[in-house]
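The values are calculated or read from the model by the stated rules, or taken from the named source; none is laboratory data. Predicted model, so just to flag it, every value in this text is computed and none were measured. Positions of Cβ are generated from backbone atoms using ideal geometry, with glycine treated the same way; all protein chains shown enter the neighbour counts.
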């Protein structure tokens, strides 16, 4: 399996993925990914019951309890990692619809408009980390998606999502190799040389 | 090394009375210890369908010898209860790495017939060492990822 080339996944591809404990039991499936666009961070997951007639689960999966995100399952330590909505942080207990990042405009800090967000790109592997945006340009060619790496730390922004202008050479036209582009972009922001 | 697949369906016989208790239908595995802890019997009359490993005197190619007729008992403990409920079997179950990748179904396991240690899981082309076993649940067998995979 060539994981190096495919270390990322679209957040929408996680919807319906089973939430499985390290003991091998399936607890739930992903209903939605709760994403904080101001900080470029995944906050957690809302959940459905397993199966065709699933329906909402009142439990939430906070990001800290995620063991790993895989292509086929979201892994958690045990059942106790799911928390009741009443006990969960309000952002994931009751995610505000207006916070939806889909459709938000991405601009560089020197004022270049990169497009509107059509998906969030998530790193596969341990933890739950957002590493980029899939953007499209409705005015230009809405079918053509591009992939924008995210810095590790995001500046708090208002209506638009602002990314450093240094991102330009790391924007990709497909997801193959995007994981490496994210690493190189972040290395450059840290003053290191792209590897 | 013994293949679990090849060891299914062989008779389980009490050494003292030479009586047949049933035949092997599966095993309960403790994923933490990486060991078979009991043999699940098929073809029994009563509900005593599990022989704990320490009652086995020889796990042979053609028969499993146990130390007496009383060697079989009811499902005891979480692993055996899962097997009894049809959720604990390891063969033909999907295999997930701990980082959430489906790597195939368990085609077979190889174990040490002396102590029940699970040596390898055969998952398609993959051979996963028994030490990597993390869990055997209703949904999947979970194995530790290869070094460097995560």
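Things to note:
- Condition check for residue A:164 on (1) in contact with a strand residue (DSSP E or B) (Cβ under 6 Å, 6 or more places away or on another chain); (2) away from chain B (no Cβ under 14 Å); (3) surrounded by 15 or more Cβ atoms within 10 Å (Cβ to Cβ): one failure, at (1).
- Taken over region B:69-95, residues that are farther than 20 Å from residue B:33 by Cβ and outside any loop (DSSP other than H, G, I, E, B) amount to 4.
- Of the residues making up region B:123-150, those that are touching a helix residue (DSSP H, G or I) at 6+ places or on another chain (Cβ under 9 Å) and closer than 17 Å to residue B:92 by Cβ are B:136, B:137, B:138, B:143.
- Here residue B:128 meets the list (1) assigned to a strand (DSSP E or B); (2) assigned by TED's automatic domain parsing to the domain that holds residue B:10; (3) surrounded by 21 or more Cβ atoms within 10 Å (Cβ to Cβ) almost entirely, failing just condition (2).
- Scanning region A:99-116 turns up one or more residues that are on the phi > 0 side of the Ramachandran plot and surrounded by 15 or more Cβ atoms within 10 Å (Cβ to Cβ).
- Elements of the type strands (runs of 3 or more DSSP E) sitting completely within region A:20-99 and holding at least 1 residues that are away from chain B (no Cβ under 13 Å): these cover A:26-36, A:41-48, A:56-62.
- If you go through region B:113-122 and keep only what is part of a loop (DSSP other than H, G, I, E, B) and surrounded by fewer than 21 Cβ atoms within 10 Å (Cβ to Cβ), you end up with B:113, B:114, B:115.
- Test result for residue B:25, away from chain A (no Cβ under 14 Å), in contact with a helix residue (DSSP H, G or I) (Cβ under 7 Å, 6 or more places away or on another chain), buried (at least 17 other Cβ atoms within 10 Å of the Cβ) and at pLDDT 95 or above: no
- Scanning region A:125-161 for residues that are within 14 Å of chain B (Cβ to nearest Cβ) and either in a strand (DSSP E or B) or buried (at least 21 other Cβ atoms within 10 Å of the Cβ) (or both) returns A:125, A:126, A:128, A:129.
- Considered as a group, the residues in region B:113-125 that are in contact with a strand residue (DSSP E or B) (Cβ under 6 Å, 6 or more places away or on another chain) and on the phi < 0 side of the Ramachandran plot include one that is farthest from the other protein chains (Cβ to nearest Cβ), and that residue is B:113.
- Residue selection: residue B:51 satisfies the criterion of being crowded, with 22+ Cβ neighbours inside 10 Å and without any contact (Cβ under 8 Å) to a residue 40 or more places away in the chain.
- Region A:2-19, residues that are facing another protein chain (nearest Cβ under 7 Å) and either assigned to a loop (DSSP other than H, G, I, E, B) or modelled with pLDDT under 95 (or both): A:3
- Across region B:102-112, the qualifying residues are those that are outside any loop (DSSP other than H, G, I, E, B) and more than 10 Å from every other protein chain (Cβ to nearest Cβ), and the one among them that is farthest from the chain's Cα centre (by Cα) is B:104.
- Count of residues meeting criterion [under 15 Å from residue B:48 (Cα atoms) and either more than 16 Å from the chain's Cα centre (by Cα) or in contact (Cβ under 8 Å) with a residue 24 or more places away in the chain (or both)] in region B:83-99: 2
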